[in-house]
Amino acid sequence: MEATLRIIGRKGIDGVTHRAVATEAGMSVGAVTHHFAARDALVDGALRFALMREVGRLRALALSLQSKAFDTEAWMDSLVAWYSQELKTQPEIHIACYEAFLASARNERHRPIVAEWFDTWRQSAELALRAAGSPDPHGHADLFVSTLIGILLRQLAVPRRNFRQETKTELLGLINTLLAKR
């Protein structure tokens, strides 16, 4: 699945073939086609894999928020540190996420996966914002997630050296602004 995501990240969904995935993963074409007879199943499987990975991470973060006193700065530090490392070490996988967003805009088949992805991001942010005292956690979570997605896309497109500190500052500024409007 990660090999497929790397290809999507480098070449887009149209770059995914059984042969390309087999080469990327160091497997035989037969092994790939045995598990995914159709190219669409391979793409859908990779997108679902990426979704489940992100969902698991976000749910773990949300559960950790429930077990202790909420600290907005610690939440931001944890979230931004994770993305900072991910964007350095696995940029293709995150580019693949944006490819999935575009694919969803072009093809209804991808919309349920992307909708679930956004919903999970929003739910995690909503829980954190509720713990931080937001008067509108649902609405603020939508704004937070949209901002985060934009910041991550900007970093993939035009990397900044001080991404981690600048992103933490930007997101904390957004949260503080939202919480100040009580």
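The values are calculated or read from the model by the stated rules, or taken from the named source; none is laboratory data. Because the structure is a prediction, the values reported are computed rather than measured. Backbone-built Cβ (ideal geometry, glycine too); neighbour counts: all protein chains shown. When the accessible area is computed, the model is the full protein with side chains, heavy atoms only, and any ligands, DNA or RNA have been set aside. Shrake-Rupley method; radii C 1.70, N 1.55, O 1.52, S 1.80 Å.
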All positions within the range 148-163 that are under 19 Å from residue 58 (Cβ atoms) and surrounded by 17 or more Cβ atoms within 10 Å (Cβ to Cβ)
148, 151, 152, 155
Only one of 122, 130 that is buried (at least 16 other Cβ atoms within 10 Å of the Cβ) and in contact with a Pro (Cβ under 7 Å, 6 or more places away or on another chain)
130
With respect to residue 45, determine if the residue is closer than 23 Å to residue 116 by Cα, assigned to a helix (DSSP H, G or I) and out of contact with any Lys or Arg (no Cβ under 7 Å at 6 or more places or on another chain).
yes
Can you report the number of residues in the range 1-32 which are among the polar types (S, T, N, Q) and within 17 Å of the chain's Cα centre (by Cα)?
1
Would you check if residue 145 is in contact (Cβ under 8 Å) with a residue 60 or more places away in the chain and open to solvent by less than 50 Å² (accessible area, probe 1.4 Å)?
no
Of the residues in the range 65-87, those that are part of a helix (DSSP H, G or I) and hydroxyl-bearing (Ser, Thr, Tyr) come to 72, 78, 83, 84
If we only count helices (runs of 4 or more DSSP H) wholly inside the range 88-182, which ones have 1 or more residues that are closer than 30 Å to residue 42 by Cα, within 13 Å of the chain's Cα centre (by Cα) and among the acidic types (Asp, Glu)?
91-106, 111-132
